[in-house]
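The values are calculated or read from the model by the stated rules, or taken from the named source; none is laboratory data. These numbers come from a predicted model, not from an experiment. Glycine also receives a Cβ, built like all others from the backbone with ideal geometry; neighbour counts cover every protein chain displayed. Just the protein is used for accessible areas: all its heavy atoms, side chains included, with ligands, DNA and RNA removed. Shrake-Rupley method; radii C 1.70, N 1.55, O 1.52, S 1.80 Å.
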Amino acid sequence: MSANQAAIPPARPVIGEAEIDAAVRVLRSGMVVQGPEVAAFEREFGELVAGRHCVAVNSGTSALQLSLMALGYGPGDEVIVPSFSFAASANAVRLVGATPVFVDIEPGSFCVDPDAVAAAITPRTVAIMPVHLYGHPAAMDRLMPIAEAHGLAVVEDAAQAHAAALNGTPVGAFGAVGCFSFYPTKNMHSLEGGMITTADAELARKLRLLRNQGMEARYQNEIVGANMRMTDVAAAIGRVQLTQLAGWTDKRRANAAYLDERLTGVVTPPVAEGAKHVYHQYTVRFTGDRDAFQAGLKDLGIGNAVYYPTPIHKLKPYLGEDGQPGPWKLPETDRAAEEVVSLPIFPGLTTEELDRIADAVNTVAVRA
Ligand SMILES: *Cc1c(COP(=O)(O)O)cnc(C)c1O
């Protein structure tokens, strides 16, 4: 790395002047809690998910947890989730007292394997939680018929996949609910925040009650609820980001196409037929010494990261009473956890930076 070349970070969240102005405008108004900005953000986000109802909350994890609460799941219920995801997917299941049942992924998409899902269904199964990992849509065309045949709800974890689609249908518009995150490193953010999408007006009302102490009219509590409200400051920032999302998504996809053509010595991310990948992560597989590969990239100023080095079923809270992982057989999950490396793909990358990433990968991959 020469002196005039700054290191390229793995991600670069945008907090621009427009976001700052929007936040300041709301702060100066004095009305900062859930109000008109949240309502407008919900309306505008609906355009991303085929006009579904949208319910804003304070995080993606809250979106998942509140969805499972609204669907009435709890102790004794099983929810099928991929182990190859961020812990939040399974945490949401455990937070409502239900049991995550871990299944393997398809190696091409890194998303849940529909055949594995079908094989994991028991009389206790209530829902399937596909994760659109890295911004690649899960195989909803094969998952939805399985869910329908068994009367299961589908809770989409779309935290990484704003504006991804399969055969023209956007993620978040397939399942009973879709759950998005607006954490700073996601494809768009609201500092912290989340959104639940649903076609079911009654479920949307229940979600609104549950996020706000079970109230619609003040102090007329109808059910027991939590406080998972989004602030109007966060919503104002999210609204600004939403106006940029289409352009940012195009740039992520163009960056990915650029790297796809140039990288050697690694397996570039495959895209399933009919899938619109939005590249929350640009994740390659490297089958040599991954530690050396990552260190070599870092030496050349190329930020990189492994999402996720430990599959959820091997994380401490998910081990059995004997301290060992349960009886799960998840070979593709284990292999992915050993091979994946995510490279910078954020929209602000310049062509010069993309060339540096490609040169570094092509240099380091042959010797690591
Ligand atoms: C980020 C993320 C979440 C949780 O979102 P938060 O807003 O951080 O709570 C859930 N699932 C996946 C797959 C994520 O990447």
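For segment 317-332, a tally of residues being in a helix (DSSP H, G or I) and over 14 Å from Pro100 (Cα atoms) returns 2. Restricting attention to segment 86-115, the residues being more than 11 Å from the ligand (Cβ to nearest atom), open to solvent by 10 Å² or more (accessible area, probe 1.4 Å), of a type in the set (A, V, I, L, M) and closer than 25 Å to His280 by Cα number 0.
Does His150 meet the test of being in contact with a helix residue (DSSP H, G or I) (Cβ under 9 Å, 6 or more places away or on another chain) and either within 16 Å of the ligand (Cβ to nearest atom) or open to solvent by 10 Å² or more (accessible area, probe 1.4 Å) (or both)? Judged against the criteria, His150 is a match.
Can you tell me which of Leu64, Leu27, Leu71, Leu48 is of a type outside the set (S, T, N, Q) and within 16 Å of the ligand (Cβ to nearest atom)? Exactly one residue qualifies, and that residue is Leu64. The residue pairs whose first member lies in segment 199-217 and is of a type in the set (Gly, Ala, Ser), whose second member is open to solvent by 80 Å² or more (accessible area, probe 1.4 Å), and whose beta carbons are closer than 7 Å, counting only pairs six or more residues apart or on different chains, are Gly214/Asn221; Gly214/Glu222; Gly214/Val224.
All of Val33, Val24 fail the test of being free of Cβ contacts under 8 Å to residues at least 40 places away in the same chain, among the hydrophobic types (A, V, I, L, M, F, W, C) and open to solvent by 50 Å² or more (accessible area, probe 1.4 Å), apart from Val24. For segment 158-184, filtered to residues that are of a type outside the set (Gly, Ala, Ser), over 24 Å from Glu148 (Cα atoms) and more than 8 Å from the ligand (Cβ to nearest atom), the residue that is surrounded by the most Cβ atoms within 10 Å (Cβ to Cβ) is His162.
Ala204 meets each of the listed conditions (1) more than 17 Å from the chain's Cα centre (by Cα); (2) open to solvent by 30 Å² or more (accessible area, probe 1.4 Å) apart from (2).
Annotation note: Cβ proximity below 6 Å between a residue of segment 169-187 that is at positive phi and assigned to a loop (DSSP other than H, G, I, E, B) and a residue that is among the hydrophobic types (A, V, I, L, M, F, W, C) and away from the ligand (no atom under 11 Å from the Cβ) (sequence gap 6+ or interchain) occurs for Gly172/Val49.
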